[in-house]
Structure formats: C-alpha cells, structure tokens
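J.: Following this message is one structure expressed as structure tokens.
The values are calculated or read from the model by the stated rules, or taken from the named source; none is laboratory data. From a predicted model like this one, the values you see are computed outputs, not experimental measurements. Here the Cβ is made from the backbone with ideal geometry for all residues, glycine too, and neighbour counts use every protein chain on show. Heavy atoms of the whole protein, side chains included, go into the accessibility calculation; ligands, DNA and RNA do not. Shrake-Rupley method; radii C 1.70, N 1.55, O 1.52, S 1.80 Å.
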Amino acid sequence: MKPSVLIVDDSLTVRMDLKEAFEAAGFETHTSATVAAARRAGQEKNFDLVILDVLLPDGDGLGLLQELKAAPPTAHVPVLLLSSEHEVRDRVRGLKTGADDYVGKPYDTAQIVARAREFVHRGRPRERPLIVVIDDSPTFAAELRAALETAGYDAAVGATGEEGLRLAADLRPAALLVDQMLPGLDGVEVIRRVRADAALRRTPCVLLTASEARVDELRALEAGADMFAQKNAGAAVALAKLTALLRTAREGTGATAPASLLAPKRILAVDDSATFLGELCDQLRGEGYDVVAARSGAEAIELLGSQPVDGILLDLLMPEMSVQEACRRIKAEPAWRDIPLIILTALDESAAMIEGINAGADDYIAKSADFEILKARLRAQLRRRQFEDENREIREQLHYREMEAVEMQALRELSETRAALIADLEEKNAALARTNEELHRAKTAADTANQELESFSYSVSHDLRAPLRAIDGFSQMLLKQCGAQLDDKSRHYFDRVREGTQRMGQLIDDMLALARVTRTELRFERIDLTALARAIVAELRAGAPEREAEIAIADGLTAHGDRGLLRILLENLLGNAWKFTVKAAAARIEFARHAAALDGGVAFVVRDNGAGFDMQYAGKLFGVFQRLHAAEEFPGTGIGLATVARVVRRHRGRVWAESAPDRGAAFYFTLATPTFPP
Amino acid sequence: MKSKIILLVEDNPDDRELTLNAFQQSGIANDVILARDGAEALDYLFAEGRHAGRDLAVMPAVTLLDLKLPKVDGLEVLRRVRADARTCLLPVVILTSSKEEQDMIQSYSRGANSYIRKPVDFEKFNVAIRQLGLYWLVINEPPPSPPAA
C-alpha cells in the first residue's frame, strides 16, 4: 500500500516539483493550491502526510494546521511546514502550533522526501506488524506469507537481496525474514547491510537456511542475524522464532530510534551578523544540511526548545548573552548536552574562546578561516556524535547478544548433560550386559569344572584303591610265604604296612565323601531325622554288638533338607559320639532339638559324655585333616567334621561345638527352614 | 559233571593275581577264563576273535566283570551280554573298586545280578571271593543252556 501525501502550496512550480519527487519515491500524491481545496481533499481521503505551505492565498497555513491537529481523525497525521520565512520566530510559532517539522525555502527536494518518508513510517500506526520476507523461492515465500498473515502479521516479499533492502528501507518493517540463498546478495550480506544502516539497524532479522552446519549459524549470528531458523523445519518454526524475537525486541532497551543516515542533519547557526549568518547558512545548505538561523543566544535557546538539532554553531561575540552563558545554558539541558557545539571565533579573541570551551563547547573554528575547514570540522563533530550514538547502540546490542549467548550456552550445556547422561546410561547398560556375559561364562566354566571334578572323583575312586589292594594283598601273601622265617619285628613291620594301606583306603573314601557333598545336587524334602538317626545307631550297634551305650534319640525330629547329605551328617556326628565314648564307663549319647533357634532356623544337638576336646583348639575342629586327638587313642582321618560343616553350609545353617576334656562334647547345628530358599 | 567255568574280566594284573590266589586259598579249583579287557570278554562269550570257533554250548557259570576296562568297558559288555539271546541269562557279578552310586544304578539297570565292591583289605577280599565262589558255583543254579541257534 502506497503512502499518500497531500501537497498544499500556492506555487505551481513547487507543487509540480514536489509531486514529481514524491511520486518517484513511491508516494501517492495530491496537490491543493488553497486552504479550501486542502480541506476538501482532507475530507475525501485520509493522508499519511501533509506538506503545508504557511502562506496561502485564502488563509493561514497555520490555521489549517491547527484544524488538522485538533480533529481526532487527522491529529496523528504528520505535517511538514514549508515556508519561505526563515525567521526564527515563525519557525518557532509553526512548530509550537503542532507542526511535526519545518522546512525552509529554498528547500532541498530530496531532503523533504526523505524527511517525509521518516514521518510516514514513524507516524503511521500499523494495526498489524509488517514483516519483510526476502526469499527467491516463490513457493516458500507464499508459505511464509500465508503463515504470517494467519498469525496476524502483514507480509511484503522481495525476491532478491537488493529488492529486500529497498523494501526494508521504505517500509521499515517490524522484522526481516531473510533466506540465506539468494541470487546476487546472499542473506548474510543483506543482514550485514541492514546492520550497517542506522535506521534499519535495530530491525530484528531471522536468517532462514537449509543448512544444518553450525559454522553457518555462527556466520549468520556474527553477521548480525538475531536468529537462525531451518527452512526444512517449516514455516511454523520460523514463525515461532520470529514471534519470540519480536517479543524480546519490544521488551528491549527502549532506546529511541536514531535518525537514519538518510535524514538530513539540522544545524543551528547563531550569529548576530546577518551577512555572515546568511553566508554560513548558504554554505551549509549547499552541503546538504538543514540550517536554522538564530541572531542571538536567547533566540537559539528558544529554538532549541521547540525543535531538536544535530549541531550548533555559535558565534563568540553576541549581544545580550555572552557565549559562556549560552554554552553553559545549552550544556545544562540534558536533552541538548550531547549536541556538538562549535564556537565561531575571530583570531584575536582566544581568551574568550578558551573560556567558551571551558564552559562546555566541543570545538572552535576561526571565522576567517576557509569555510571548507569549518564544514570539515562540523562534519567531524557530527560524525563523532554519530559514533557515540552508535557506540551506545553497539554496547546495548552486545549486552543483548551476550544474554542470548549465555542462554544458548545454558541450553547447550543442558542438552550436552542430557546427552552425556544418556551415553552414561548406555555405557552402564553395556557394562551390565558384559557382566551378564561374564557371569554366564563363569557359570559355564564352573559347570565344566564340576563335570571334570566328577570324572576325576570317579577315576580316583577306582584307580587309587586298586594299588592299595595290591600292596595289602601281596604283603599278606608275602607274610604267609615266609612267615615262619620272620621274627616279631619283621612281622610288626608288615602290620604297619597293612595299617598304612587301610588308612589310605579310609582317607580316600572320606575324601570322596567330602567331594560328593559339595558336588551333589540337593534335593530338598521333609526328612524324619529321628528315624534316620535310629537307623544309623542300629548300624553302629551292629558293628560293635558288645558295646553297651545309652543312646537317646528325641522323637519327632524333622528337617527340610537333602536326605543323602543329612545321612552323612548324622553318620559323622553319631559315629564320632560312638567312637569317642568307647572308653567311657557309662557311655551316653543324645540327639535332640536344641532350645535356642537362631535366625529362624531349626537347631539340633548331638551330645556325648566321651573324651571331649580342648576348647582352645575349637577353631581347628572343622578343618580338613585336622585332628585334636592322637591316632593311637582314637582312629580318624580328620575329615568327618569337615564333611559335617560342608553339609551344614549347603543347608544354609551353622555348626558349632562345646566341650571340655573328658567331659564330653556337644555339637550343635542349624538347618534351613522350608521358607528359606535353598 | 563238567566243571563250572568262571569268566574273570579284569584288566589289572595285581587284582587278577590276587583274585586267583583267593580262589586257590578258598579251594575253588574250577577253570578260570581270563579276559584282559571288554573286547576279549565279548570275543569269548560270542566265540569271536581269538576265541573264534569255541563251543558256544559251554558258557561260564558266573562272569566276574570289572567296570573300568580298556577297549570296551564293563557296562557295555553287560549290555551286549543281556542283548544277545545266547548270553542274556548268564549270571554276571560286577566286581569293582567303585562305590559310586551311578555305577551301581547303571549296573543293576542293565541287568547285573550282583554288585561287589572290592575291599582293600586282603583278608576281607579273600572272604568275599570265597563267599562269592561258594554262592555262585555251589549254591546258585546256573541257567540252562539256551537251545542251539
């Protein structure tokens, strides 16, 4: 939509000149020569801007101005006053009446148009924020436009970088969506140029790219893009990012928009000499400046109050107000303090000039010097001001970017942490799987070892006993063969040989039994221990029928365990009791339940009143091949109790003993309960 | 009456000698056929190999069979003996050092008539052999010869 301008001036040449200039700039133009015509035009149409001459044939332009500003529908429309009057007073009056700006004739057409553009874009309230999309793909551009319009934005599309920049300069959009890949200027270059222009600098820019490379993102951000969006993520994502960006831009630093470089700089020239002032103004206007002239310090201050300027040229010697006073007052105002203030001085007034600088002037220029130097110095001062403004801008941007960077860093760290966590979990899982495998391998190895042990035991039981038989057999046959020739000692030696073989045979049997205890697969069932004990006792008695011993087996003793192993257990314990009571006068053996049941298990005791043992050796009791008695006293291999201990352990129980020499012994043991898992 | 034959299948030379000595001590004078391993035992029982051509009507009154034998072990011999109609009724006594439960189960389930564990003790060994001989050669009635094939 083209902006519209109403040009009100009684001079035909002015009207034509301005009309041509504005139409070339893309404005829709209407012209009126009188106040009445202007009023009519205003009623028919809403204009975005009015250029108003002060002196009109049928009325005062200022009156129309007042009307316009008073009526609500037109109050917001910017009005540029155009006048040949360059009296300060008129200017002040015009501005005070409500004009948005005052352009003196002769005017610079380009300046007016540029100024007009500024006003139009600043003044025109947009119901919907405008987004400029720069993309050479018509399909994607259309997709974006559709998405933007649905979301409540207006969209303007440029197909090339250059077109996009022109659109941006004209329309001053709320934000730019720029495609990275463009013919001619690429997206990064477009953004760089946007950032270089003072007017567009603060426009939020989102760079759209198909690339996923991080390096591209960094380039884009370095070039000045505010954000980076993936094209293949879709229009919705780009839109979401845009919304976020606009939100933060609105909540931004709140600094005022700077004047564009395109806008002409306004200089206030103050000198009481009319001739010098006139020449100065001409020179400055020739440079493209807009010049406002004042004849005294007081006038200057009055003018400053109604219109901002970009630079002040102040004559040293002026009536009424001294230059120091003027400087001081100007610099005292916060709004004017930063305006470059240059003192114009004659050569022999150096003292006063120094005073002026001390009072706050930024620089001095000798009047008699070349105007070129004056203009150059002025340019320098203005540039400095510009730079200071830009510096502030940059610092603010930097701060903003730093905040963003910190946020992005935090987000990145979060996702990195999350990734690290996931990697850690995966590693743990892998380690777990490896451990499982190892366990599996270990089990297989254990099973193999067990099997090997099986065949080993099997071999042992066969192959170790046969030679023993040979030793015993042949030594006996030898004895028989030459028994008559042998004396007692020789016979004794033969007996020792026999005993050795017997003993070895016994050892082998016991060791095999011990090994079998460990190897055997447990079959848990309810065992009647009373019956088992009684059967074993019967065997013992049958082996030595001459012995008299009182054996008390308690009734109803039951346990949960493996029948074979429990038999071995009782055989050993009862067998020991039987063996070690052989010397007792009135042997007494007891097998009963023990009172204290620890750990919820069932406890039993086998008690005898036989030889007993010394408790200080109790630690050795259940060791393999450990004996606490001499072999001559009581035969034994020292394996029986080790076997008992192993059986008890496989039943998850405990075994312990109490004794005193010659006072008998009590062996306690616990076994697992049915509830305890085997 | 023909003298009853004993087939002794034993690979260990010491045990062979001790057993023969025990027979002698016990006054058992029957013919003892020696087989040094399972293959030889089968050769004899089925009249093959070195015993080819032997009169199959003549069978041992008892076979004393060790379990751990080279070439063909005792259990395999037992299986073959029980599987063949000519020999399936023959009394077989397992005479072995092993007290392994597995061996006993295997032996009995394959049809062994008896299982004797050879004692290490010489005296006990002699007693066992004597009782063995007395029982199987005198008291026990051997099965009748199978009808000629």
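J.: Restricting attention to the range A:544-596, which residues are among the acidic types (Asp, Glu) and open to solvent by 60 Å² or more (accessible area, probe 1.4 Å)?
T.: Residues satisfying the conditions are A:GLU546, A:GLU548, A:GLU550, A:ASP555, A:GLU571.
J.: Test A:ARG392 against the stated conditions and say whether it is within 33 Å of the chain's Cα centre (by Cα) and within 26 Å of A:ILE267 (Cβ to Cβ).
T.: Against the criterion (within 33 Å of the chain's Cα centre (by Cα) and within 26 Å of A:ILE267 (Cβ to Cβ)), A:ARG392 qualifies.
J.: Go through the residues of the range A:391-410 one by one and say whether even a single one is in contact with a Pro (Cβ under 8 Å, 6 or more places away or on another chain) and open to solvent by 60 Å² or more (accessible area, probe 1.4 Å).
T.: So far as the range A:391-410 goes, no, none of its residues is in contact with a Pro (Cβ under 8 Å, 6 or more places away or on another chain) and open to solvent by 60 Å² or more (accessible area, probe 1.4 Å).
J.: Still on this structure, I have one more. Between A:LEU453, A:LEU478, which is in contact (Cβ under 8 Å) with a residue 40 or more places away in the chain, more than 21 Å from A:PRO635 (Cα to Cα) and in a helix (DSSP H, G or I)?
T.: After applying the criteria, what remains is A:LEU453.
J.: So, in the range B:100-124, of the ones that are in a helix (DSSP H, G or I), open to solvent by less than 20 Å² (accessible area, probe 1.4 Å) and modelled with pLDDT under 90, which residue ends up nearest to the other protein chains (Cβ to nearest Cβ)?
T.: So, considering only residues that are in a helix (DSSP H, G or I), open to solvent by less than 20 Å² (accessible area, probe 1.4 Å) and modelled with pLDDT under 90, the one nearest to the other protein chains (Cβ to nearest Cβ) is B:PHE122.
J.: Now, a different point. Pull out all pairs, ordered by first then second residue, where Cβ-Cβ is under 8 Å, the residues are six or more apart or on different chains, the first lies in the range A:171-193 and is closer than 12 Å to A:ASP135 by Cα and in contact (Cβ under 8 Å) with a residue 40 or more places away in the chain, and the second is open to solvent by 50 Å² or more (accessible area, probe 1.4 Å) and hydrophobic (A, V, I, L, M, F, W, C).
T.: A:GLN180/A:ALA210; A:MET181/A:ALA210; A:GLY187/A:MET181
J.: Can you pull out the residues in the range B:111-134 that are among the charged types (D, E, K, R), out of contact with any strand residue (DSSP E or B) (no Cβ under 9 Å at 6 or more places or on another chain) and in contact (Cβ under 8 Å) with a residue 24 or more places away in the chain?
T.: Residue satisfying the conditions is B:ARG130 alone.
J.: Could you list, in sequence order, the residues of the range A:464-504 that are open to solvent by less than 70 Å² (accessible area, probe 1.4 Å) and charged (D, E, K, R)?
T.: Those that are open to solvent by less than 70 Å² (accessible area, probe 1.4 Å) and charged (D, E, K, R): A:ARG465, A:ARG469, A:ASP472, A:ARG498.
J.: What about A:SER322, is it surrounded by fewer than 21 Cβ atoms within 10 Å (Cβ to Cβ) and either within 53 Å of the chain's Cα centre (by Cα) or modelled with pLDDT of 75 or more (or both)?
T.: yes
J.: Could you say whether any residue in the range A:626-633 is aliphatic (A, V, I, L, M), open to solvent by 70 Å² or more (accessible area, probe 1.4 Å) and free of Cβ contacts under 8 Å to residues at least 60 places away in the same chain?
T.: No; the residues of the range A:626-633 include none that is aliphatic (A, V, I, L, M), open to solvent by 70 Å² or more (accessible area, probe 1.4 Å) and free of Cβ contacts under 8 Å to residues at least 60 places away in the same chain.
J.: Residues in the range B:68-94 that are modelled with pLDDT of 90 or more, within 14 Å of chain A (Cβ to nearest Cβ) and open to solvent by 10 Å² or more (accessible area, probe 1.4 Å): how many?
T.: 1
Per-residue answers, yes or no, for (1) of a type in the set (A, V, I, L, M); (2) farther than 28 Å from A:ALA21 by Cα:
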{"position": "A:ASP108", "(1), (2)": "no, no"}
{"position": "A:GLU118", "(1), (2)": "no, no"}
{"position": "A:VAL132", "(1), (2)": "yes, no"}
{"position": "A:LEU144", "(1), (2)": "yes, yes"}
{"position": "A:ALA174", "(1), (2)": "yes, no"}
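J.: Among the residues of the range A:343-361, which ones are among the hydrophobic types (A, V, I, L, M, F, W, C) and either within 26 Å of A:ALA332 (Cα to Cα) or at pLDDT 75 or above (or both)?
T.: Of everything in the range A:343-361, those that are among the hydrophobic types (A, V, I, L, M, F, W, C) and either within 26 Å of A:ALA332 (Cα to Cα) or at pLDDT 75 or above (or both) turn out to be A:ILE343, A:LEU344, A:ALA346, A:ALA351, A:ALA352, A:MET353, A:ILE354, A:ILE357, A:ALA359, A:ALA361.
J.: While we're here: Out of A:TYR289, A:TYR364, which single residue is among the hydroxyl-bearing types (Ser, Thr, Tyr) and either within 24 Å of A:ASP100 (Cβ to Cβ) or at pLDDT 85 or above (or both)?
T.: None of the other options fit; the residue is A:TYR289.
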